[in-house]
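The values are calculated or read from the model by the stated rules, or taken from the named source; none is laboratory data. Just so it is clear, the structure is predicted and the values come from calculations on it, not from any experiment. No Cβ is skipped: glycine too gets one built from the backbone with ideal geometry, and neighbour counts run over all protein chains shown. What goes into the accessible areas is simple: the full protein's heavy atoms, side chains included, and nothing from ligands, DNA or RNA. Shrake-Rupley method; radii C 1.70, N 1.55, O 1.52, S 1.80 Å.
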Amino acid sequence: MGGRTWFVIAAAGRATRYGGPVPKPYLRIAGRTLLEHSMRLFASIPGLAGGAVVLSSGDRRYERLPPSLRRRVVAVAGGTTRAESVLNGLQSLIAADAEDWVLVHDAARPAAARRDVEALIAACRRDAVGGLLALPLADTVKEADGEGRSARTLPRQMLWRALTPQMFRIGRLTAAIKAALAAGVDPTDEAAAIEREGLRPRLIEGSPLNVKVTRPGDLAIAEAALRSARRRS
């Protein structure tokens, strides 16, 4: 299925669970910031039409990144939620058509592998809906009660953990996010917005190395994952 492919990197999170004086996208592992690792990933994939990076309001650090990475990339301010920020990024791609594709990625996932992203692109271009990188759940999953106790064990056979990037048609994703926000729903990822429209995104198995930096202890895990991902690519 035709159309160009763009990208949006979400880097406007407030990092309330991480804390610290340095905004999360600018924490460094393996000699580069988390955001730079994500931008280098998309710069390495041939054929992308361009992209957007969604930043916190007042961000001045982005301009310090190498100019070669910022070429054909629009910088735009984020919203109060991730969904609003992604929507801002989508709407900044003014040269894109509604039938073009977009890859939406979290800057907090610096170890996403190029070959996984290329597999996602190939799979989604053959799919009427689009899809996302994800992992079948390997752990036993517990549902907690209101007192911090395990109430029951959930069957994991049909459960997957959502990763990024996620890839959908720009027009469809923009409309789906707008509809969710208008209904008072804050989708936590792009697939959730698409699912609200009665559609079923395709799950493309990714790598467990595609970890997300959420808390301080995750930084060392992400650096080890990044080094492993480089050997795997």
Find all pairs meeting these conditions: Cβ atoms under 6 angstrom apart; at least six residues apart or on different chains; first residue within segment 178-190 and modelled with pLDDT of 95 or more; second residue surrounded by 20 or more Cβ atoms within 10 Å (Cβ to Cβ) and assigned to a loop (DSSP other than H, G, I, E, B). Ala180/Pro187
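Go through segment 80-130 and report how many residues are in a strand (DSSP E or B) and either of a type in the set (Ser, Thr, Tyr) or at positive phi (or both).
Selection size over segment 80-130: 1.
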Within segment 142-233, which strands (runs of 3 or more DSSP E) (wholly inside it) include 1 or more residues that are open to solvent by less than 50 Å² (accessible area, probe 1.4 Å) and under 21 Å from Leu87 (Cα atoms)? 160-169
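Here are Ala43, Ala113, Ala122: which of them is among the small types (Gly, Ala, Ser), loosely packed, with under 15 Cβ neighbours inside 10 Å and farther than 26 Å from Ala182 by Cβ? Please lay out each step first, then the result.
Values: Ala43 fails: loosely packed, with under 15 Cβ neighbours inside 10 Å; Ala113 fails: loosely packed, with under 15 Cβ neighbours inside 10 Å.
Every option except Ala122 fails the conditions.
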Against the conditions (1) touching a strand residue (DSSP E or B) at 6+ places or on another chain (Cβ under 7 Å); (2) of a type outside the set (Lys, Arg); (3) within 20 Å of Leu181 (Cβ to Cβ); (4) surrounded by 15 or more Cβ atoms within 10 Å (Cβ to Cβ), where does Ala75 fall short? Just the number, please. (3)
Checked against (1) under 28 Å from Ile221 (Cβ atoms); (2) open to solvent by less than 40 Å² (accessible area, probe 1.4 Å); (3) of a type in the set (A, V, I, L, M, F, W, C); (4) modelled with pLDDT of 95 or more, Leu90 satisfies every condition except (1)
